[in-house]
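This report refers to the structure that appears directly beneath it.
The values are calculated or read from the model by the stated rules, or taken from the named source; none is laboratory data. Just so you know, these numbers come straight off a predicted model, no measurement behind them. No Cβ is skipped: glycine too gets one built from the backbone with ideal geometry, and neighbour counts run over all protein chains shown. Keep in mind that these areas ignore ligands, DNA and RNA; they rest on the heavy atoms of the full protein, side chains included. Shrake-Rupley method; radii C 1.70, N 1.55, O 1.52, S 1.80 Å.
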Amino acid sequence: MSDESRPSPPQERAGTRTAVVIPAAGRGVRLGPGAPKALRALNGTPMLIHAVRAMAASRSVSLVVVVAPPEGAAEVKSLLDVHALPERTDFLVVPGGESRQESVRLGLDALPPDHDIVLVHDAARPLVPVDTVDAVIEAVRDGAPAVVPALPLADTVKEVEPAEVPGTPEPVVATPSRARLRAVQTPQGFDRATLVRAHETVTEDVTDDASMVERLGLTVVVVPGHEEAFKVTRPLDLVLAEAVLARRRLNDGF
Ligand code: CTP
Ligand code: MG
């Protein structure tokens, strides 16, 4: 078959180029004192670099926009320069904002026009497997305006009346049926125009991007997440992340 007649790989098909925005501008207060969370090392490599590699591992991803800590954009640029990354992927760095929501919006503002699918991925989820990334992209390509990877919960969840004084007993208001609950991860995937509209329209504080699309009245769909896509939030999560990396190294070696 000549080069001209061969069908293009999916990432080159017109209208389906995929970009990823990685919000990495948080301080990581719950992780304790130290460098901004995304710049903290896991087995000697900054968490952000793990997250960037996890996204660039997908052959569908042609651009990664890193939203850096406001004073750390130059440092993030040089980190991307010194670490090995796939050549097929382009990288951009922009300074972030006060909230995650603002950081994502600043990343969206920096996107060039030729990407119709946008993923938003927390730098704090450095170990998500590429199969999860590809499953999210696939579901957006199949027509969902918003896609989130998620897992069933291990714990039962209670809604409470939050106490005014932290640490005092709180009355339970409700216990939603655990079978209907999912713990949501990233990357979350979107039709780009839908996500841009959500960020222009929704002004309430939210903790994920998909909930903004829900507020537009659109249906968000869930695909299976992965236990290795957990968020590094507290110090124990660093231990778990390094254990996962050690297990991968062992498995790769045999
Ligand atoms: N984030 C961001 N800009 C902010 C706040 C958060 O880009 N102003 C990013 C974080 O860098 C992280 C992701 O959003 O990759 C998820 O947020 P979270 O896990 O809460 O990270 P932090 O806000 O850094 O942590 P903490 O809430 O403990 O301070
Ligand atoms: Mg936070």
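Tabulated data for the structure shown
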| quantity | calculated |
| --- | --- |
| Residue-normalised accessible area of segment 158-214, given per residue in Å² at a 1.4 Å probe | 64 |
| Dipole magnitude (debye, nearest 20) for segment 110-254, charges at Cβ of Lys, Arg, Asp, Glu | 360 |
| Highest to lowest packing among 102-110, 228-236, scored as the average C-beta count within 10 Å | 102-110, 228-236 |
| Sorted peptide list for 47-60, 26-39, criterion being average Cβ within 10 angstrom, highest first | 47-60, 26-39 |
| With every protein chain in place, segment 157-246: carbon and sulfur % of accessible area (1.4 Å) | 55 |
| Packing rank of 73-86, 115-128, 184-197, 159-172, where each peptide gets the mean count of other beta carbons within 10 Å, highest leading | 115-128, 184-197, 73-86, 159-172 |
| Rounded Å value of the spacing that divides the Cα centres of segment 206-254 and segment 45-65 | 14 |
| Accessible solvent surface per residue of segment 1-155, calculated while the other protein chains remain in place, 1.4 angstrom probe, Å² | 45 |
| Spin-label model distance (nm) - Asp155 vs Arg249, 7 Å beyond Cα toward Cβ | 3.1 |
| The chain: calculated mean residue ellipticity at 222 nm from DSSP helix runs of at least 4, using -39500 (n - 2.57) | -9000 deg cm²/dmol |
| Restricting segment 189-220 to GluC sites (Glu not before Pro) in coil, as DSSP defines it, with at most 10 other Cβ within 10 Å | Glu204 |
| Computed E for Phe91/Val206 - FRET, C-beta separation, R0 25 angstrom, nearest 0.05 | 0.40 |
| Sum of side-chain charges, Val202 neighbourhood, beta-carbon under 15 Å (Lys, Arg +1; Asp, Glu -1) | -3 |
| Solvent-accessible surface (1.4 angstrom probe) belonging to Arg178, in square angstrom, nearest 10 | 110 |
